[in-house]
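Contents: one structure, followed by commentary.
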Amino acid sequence: MIEWSEEDLMIRDAVRGWIDAEVRPNLDALDSGELPPYDLLRSLYKTFGMDEMARSSFQARIAREREAGGDGDAAKKDSDGPGGGNAAMTMLPVIELCKVAPGMVSAMGVGLGLAAGTIMKRGTPDQKERWALPLLTMEKVGAWAITEPNSGSDAFGGMQATARKVGDEYVINGGKTFITNGPYADTIVFYCKLDDGREPRDREILTFVLDRGMEGLEQSRPLRKMGLHSSPTGELFLNDVRAGADRLLSSGSQGGKESAKQNFVTERAGVAAMALGVIEECLKLSVEYAKTRELWGQRIGDFQLIQLKLAKMEVARLNVQNLVFRHVEMQRSGRTPTLAEASAMKLYAAQAASEVAQEAVQLFGGNGYMSEYRVEQLARDAKSFQIYAGTDEIQVTHIARDLLSR
């Protein structure tokens, strides 16, 4: 794949038109945190029939799963294979939204890809119908809670949240931070360790599905942060929250830790598409500015140092676009990236987006530091790509371990 097809471009233009009409007029309210993104995301889903497509696909899969005796893996394998689905319909809205409000993609991706994705991978048919379907159709907001204040990048080893078995229930205690959608989540996929007397690092990872309003569950107000203001982030506090066995997602043969790693692959590969959106928008704005801004009697685009900046932005755009095209082809062939491949995609794309956005600010000079010129917001948002879903340093570790294990 070397370019988008005509059908892909039709999808892109339709999404772009919707964004121009619905998102850009609300950009100030989104970036100030005044307007949560969820109603806009629901509008996107309804406008393009994505909610009904999700519902239809879900119902077909659940029917196959029930026929297979509840074997979700078998049902998924039956539906997988080359040529399945329109990969562009997944990627193009992400790219286009990230040109304007990358935080909206974070909010959408966590609810769909991580929260609903975990339930679809590890849940029973009943659990999927109860919790995953409303997330997949955007009817409800989902959060994926794994990060803790004292664990940081050591997400599993440093995890302190616990679940203690009491009769037929589990009593959950602990806190989570930096949780995307945390303040507004209706459904929370919560990771913790089984309190069974073993050393904390040796304990089994359990995954529960929790609902807003459960006794003992507190969701904080949105945290203030550097960027991604259109993606509300918060903290969760659990004090003796009682969860029945029906809320426990099956660990199966792979366990809660392996399930989380699968989600890291999904999240990290998606960052390439997000980065491409930021890079394309920064390049477009920079080229327009270089053509119209004049100094010393000529447009600044005639100066070689400005040309060098634009050329490097275009190189980054081509490289990240190729990563996205490769990922689309992998989806079409039914292949999932390895953790190392996804980490490599994220590492390069995140760094490229941040560098391009910072160079755009520099190219605009004093204007670039002002919020009205938009590159300032994109630079703040792009920096988050190097931190969430695993820092640059964690990506390096995963790539190097894979190389050294061969």
(request) Report the label-to-label distance for LYS225 and VAL396 in nanometres (one decimal), using points 7 Å from each Cα along the Cα→Cβ vector. (result) 2.3
(message) With a cut-off of 8 Å between alpha carbons and a minimum separation of six or more residues, what is the relative contact order of the chain in percent?
(response) 17
(request) Report, to the nearest 10°, how far helix 6-22 tilts away from the longest principal axis of the Cα atoms in the chain, using its own Cα long axis and a range of 0 to 90°. (result) 90
(message) Between 0 and 90 degrees, rounded to the nearest ten: what's the tilt of helix 255-292 against the longest Cα principal axis of the chain?
(response) 20
(request) Tally the DSSP beta bridges in the chain and give the antiparallel ones as a percent, rounded to 5. (result) 80
(request) Would you mind getting the accessible area per residue of the chain, heavy atoms of the protein chains only, 1.4 Å probe, in Å²? (result) 46
(request) Please determine, in degrees from 0 to 90 and to the nearest 10, the orientation of helix 87-98 with respect to the longest principal axis defined by the Cα atoms of the chain, where the helix direction is its Cα long axis. (result) 60
(request) Along Cα→Cβ, 7 Å out, is where each label goes; now give me the distance between the ones at LEU305 and LYS165 in nm to one decimal. (result) 6.8
(message) What FRET efficiency comes out for GLU218 versus ASP28 if R0 is 25 angstrom and r is the Cβ-Cβ distance? Round to the nearest 0.05.
(response) 0.25
(request) First measure r as the distance between the Cβ atoms of ARG198 and THR124, then evaluate 1/(1 + (r/R0)^6) with R0 = 25 Å and state the FRET efficiency to the nearest 0.05. (result) 0.40
(message) With unit charges on the beta carbons (Lys and Arg positive, Asp and Glu negative) and the dipole taken about the Cα centre of the chain, which residue among SER405, GLN362, LEU135 sits farthest to the positive side?
(response) SER405
(request) With viscosity set to 0.692 mPa s and temperature to 37 °C, compute the Stokes-Einstein D of the stretch 276-406, Rh being the Kirkwood radius across alpha carbon pairs; µm²/s, no decimals. (result) 205
(request) Multiply the residue gap between GLN262 and ASP211 by 0.36 nm, knock off their C-alpha separation, and tell me the result in nm, one decimal place. (result) 16.0 nm
(request) Compute the distribution of all C-alpha to C-alpha distances in the chain, in bins of 20 Å from 0, and list the percent of pairs in each, rounded to whole numbers. (result) 26, 58, 15, 1, 0
(request) Take the cross-link list LYS99/LYS383; LYS140/LYS346; LYS46/LYS140 and give me the ones stretching past 18 Å between alpha-carbons. (result) LYS140/LYS346
(message) So if each residue of separation counts as 0.36 nm, and I subtract the Cα-Cα distance between LEU35 and LEU403, what length gain in nm does that give?
(response) 128.0 nm
(request) Pop out the carbon and sulfur fraction of the accessible area of the chain as a percent, whole number, probe 1.4 Å. (result) 50
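The values are calculated or read from the model by the stated rules, or taken from the named source; none is laboratory data. Because the structure is a prediction, the values reported are computed rather than measured. Reconstructed Cβ throughout: ideal geometry from the backbone, glycine too, with neighbour counts over all protein chains shown. For accessibility, only protein heavy atoms count, side chains too; no ligands or nucleic acids. Shrake-Rupley method; radii C 1.70, N 1.55, O 1.52, S 1.80 Å.
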